[in-house]
Amino acid sequence: MLSTGTRPGPDLTAIFDQISAIGSQPGEGVTRLAASAEDGVARRAFAEWMAQGGARVTHDAVGNQFACFEWAGQNAPWIFAGSHLDTQPRGGRFDGTLGVLAAGSVALDLHEEVRTGQFKPGRNLAILNWTNEEGARFQPSLTGSAVFSGALSLHEALGLRDGSATSLRDALAAIGIDGDSGAVPPRPEAYVELHVEQGRKLIEAGRQTGIVEGTWAARKITVRWIGRAAHTGPTPMSDRRDALLAAAQGIAAFETLIAARHHHLQRSAARIVIEPNSPNVVVERASVWFELRGPDIEELHTAGQVALAAFEKAAADTGTRLEVVADTLRAPASMDRRLLEIVDSAAQACGFVPLMMRSVAGHDAVALQNSGIPSALLFIPSVGGIAHHPDEFTEQEDVEAGVTVLKAALRRLVEGEYDAGR
Ligand SMILES: [Zn+2]
């Protein structure tokens, strides 16, 4: 139904089901962390599917996979499309995976037209699976796209360590990715990503497609309270310097103050690591990962200062010491205007009226756009806005709408429409 039926290999529904099963547990969603054994299996399945359809599949040193269709010759410009196959722990099936496989399916359809002489594109096409988009296992997120676009050095990326101190370099080597496999395409003329919305705006607006004009900024602050380990029994209460108590007070103050003063920012404290984490030892070190997201950098600056002051107060009140481990600001992105117009016009020609919207979440398309690669992000609805949860779902008819628009847009791009508008 989604493919022309003439090309070899499984269609989109079949490959989506096949890859969704990798790392999935009944009722527990999908756990396919970046560079895990499950990720390795999914990567091989994707590579086989693409190779079977005529692509040359390669990867770079950070593990980004490229399924290359060299239709217009070695020196022709490239168009990229794709997303990511890694997931959050107990994540959904659609986030990322749908974007990679939908783009792969479109490429196979177009390749069939090229192979049979019905279509002669002026551009090459590569379908991308970016490494560690989610940032669940290794932080920061968007690792592969940031390395490709030059925002993060390869050395720094490969040196990232997960919670068990395994480096990304070693994790990739364990799934057979050791260095660059060669002949990786250069920076593309344009990149298009299909992704589920992970919010409710499209459903509320009654639209099947959305085009992201820009994204919110994000300020991510990781702090650590440092107290002193002591016996939880005999140590006098007045002598204790309890880092977990400090973290609890810091989290509660963050929630109250930001809600009161910056109520339209999205806020979270979603990860905590305590040491030594024994029932009989007062916590010596508590690290907490905080996030603030909003459209305006100035407001994130002010709200971040409010948060840091609250964390300092929690330290002072508990006799602990505060250390700011990381404090980063991801700038809001404006997606490429001309590319957005091409995707919009392609959608309208297929009978869709995309909603122009902003994305709160970061995506590979945003990382690329921020590093100067013209990028577009096409959204389709998420039922109930559910994301990063096993119940994440997108209706089949909305998947089909997304694939239709993606195909129309990619056809125009490989024909050279982006460059023609310069
Ligand atoms: Zn995603």
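The values are calculated or read from the model by the stated rules, or taken from the named source; none is laboratory data. From a predicted model like this one, the values you see are computed outputs, not experimental measurements. Don't worry about glycine lacking a Cβ; one is built from the backbone with ideal geometry, like all the others, and counts go over all protein chains shown. The protein model used for the area step is the full one, side chains on, heavy atoms only, and it has no ligands, DNA or RNA in it. Shrake-Rupley method; radii C 1.70, N 1.55, O 1.52, S 1.80 Å.
Under the condition of being within 16 Å of the ligand (Cβ to nearest atom) and of a type in the set (Asp, Glu), which residue from the range 187-197 is most open to solvent (accessible area, probe 1.4 Å)? Don't jump to the end; show me each part of the working.
Within the range 187-197, the first condition is being within 16 Å of the ligand (Cβ to nearest atom), and the residues that meet it are 191-197.
Filter once more, keeping what is of a type in the set (Asp, Glu): 193, 197.
Working: Glu193: 0, Glu197: 20 Å².
That would be Glu197.
Within the range 348-365, the residues that satisfy the criterion of being away from the ligand (no atom under 11 Å from the Cβ) and within 17 Å of the chain's Cα centre (by Cα) are Arg358, Val360. When the range 366-375 is filtered for residues that are within 14 Å of the chain's Cα centre (by Cα) and among the hydrophobic types (A, V, I, L, M, F, W, C), the ones remaining, listed by number, are Val366, Ala367, Leu368. Looking only at the range 119-142, filter to residues that are aliphatic (A, V, I, L, M) and within 14 Å of the ligand (Cβ to nearest atom); which one of those is modelled with the highest pLDDT? That would be Leu128.
Which residue out of Ala376, Ala349, Ala387 is modelled with pLDDT of 95 or more, closer than 22 Å to Pro295 by Cα, among the small types (Gly, Ala, Ser) and in the same structural domain as Arg32 (by TED's automatic domain parsing)?
Ala376
For the range 272-299, filtering for residues that are outside any helix (DSSP H, G or I) and surrounded by 14 or more Cβ atoms within 10 Å (Cβ to Cβ) leaves 19. When Arg161, Arg200, Arg207 are checked against the criterion of being surrounded by 17 or more Cβ atoms within 10 Å (Cβ to Cβ) and away from the ligand (no atom under 16 Å from the Cβ), a single residue qualifies: Arg207. Taking residues in the range 40-66 that are on the phi > 0 side of the Ramachandran plot, and partners anywhere that are open to solvent by 10 Å² or more (accessible area, probe 1.4 Å) and not hydrophobic (A, V, I, L, M, F, W, C), the pairs with Cβ atoms closer than 6 Å and at least 6 places apart or on different chains are Gly54/His111.
Residues of the range 11-26 include none that is touching a strand residue (DSSP E or B) at 6+ places or on another chain (Cβ under 6 Å) and closer than 20 Å to Asn124 by Cα.
If you go through the range 128-174 and keep only what is farther than 18 Å from Glu38 by Cα and free of Cβ contacts under 8 Å to residues at least 12 places away in the same chain, you end up with Ser153, His155, Glu156, Gly159, Ala165. Could you tell me which residue of the range 143-157 is farthest from the ligand (Cβ to nearest atom), considering only residues that are more than 17 Å from Gly372 (Cβ to Cβ) and open to solvent by 40 Å² or more (accessible area, probe 1.4 Å)? Among those that are more than 17 Å from Gly372 (Cβ to Cβ) and open to solvent by 40 Å² or more (accessible area, probe 1.4 Å), it is His155.
Residues that are closer than 30 Å to Gly385 by Cβ: list the strands (runs of 3 or more DSSP E) wholly contained in the range 51-115 that include at least 2 such residues.
In the range 51-115, 78-83 are the strands (runs of 3 or more DSSP E) which contain 2 or more residues that are closer than 30 Å to Gly385 by Cβ.
Kindly indicate the residue of the range 165-186 that is among the hydroxyl-bearing types (Ser, Thr, Tyr) and at pLDDT 95 or above and also most open to solvent (accessible area, probe 1.4 Å) among those meeting that condition. Filtering the range 165-186 for residues that are among the hydroxyl-bearing types (Ser, Thr, Tyr) and at pLDDT 95 or above, the one most open to solvent (accessible area, probe 1.4 Å) comes out as Thr166.
Quick check: is even one residue across the range 90-113 within 12 Å of the ligand (Cβ to nearest atom) and open to solvent by 20 Å² or more (accessible area, probe 1.4 Å)? The answer is yes; a qualifying residue exists. Checked against (1) closer than 19 Å to Arg44 by Cβ; (2) near the ligand (Cβ under 10 Å from one of its atoms), Asp60 meets all criteria but (2). Based on this model, can you work out whether Gly227 counts as more than 16 Å from the ligand (Cβ to nearest atom), at pLDDT below 95 and surrounded by 16 or more Cβ atoms within 10 Å (Cβ to Cβ)? When the stated conditions are applied, Gly227 does not pass them. Among the residues making up the range 148-169, those that are part of a helix (DSSP H, G or I), in contact with a Lys or Arg (Cβ under 9 Å, 6 or more places away or on another chain) and within 26 Å of Ile274 (Cα to Cα) are Ala157, Leu158, Leu168. Do we have Ala331 as surrounded by fewer than 23 Cβ atoms within 10 Å (Cβ to Cβ) and either farther than 19 Å from Lys407 by Cα or in contact (Cβ under 8 Å) with a residue 60 or more places away in the chain (or both) here? It is true that Ala331 is surrounded by fewer than 23 Cβ atoms within 10 Å (Cβ to Cβ) and either farther than 19 Å from Lys407 by Cα or in contact (Cβ under 8 Å) with a residue 60 or more places away in the chain (or both).
Exactly one residue among Ala315, Ala286, Ala303, Ala307 is touching a His at 6+ places or on another chain (Cβ under 8 Å) and not assigned by TED's automatic domain parsing to the domain that holds Pro374, and that residue is Ala303.
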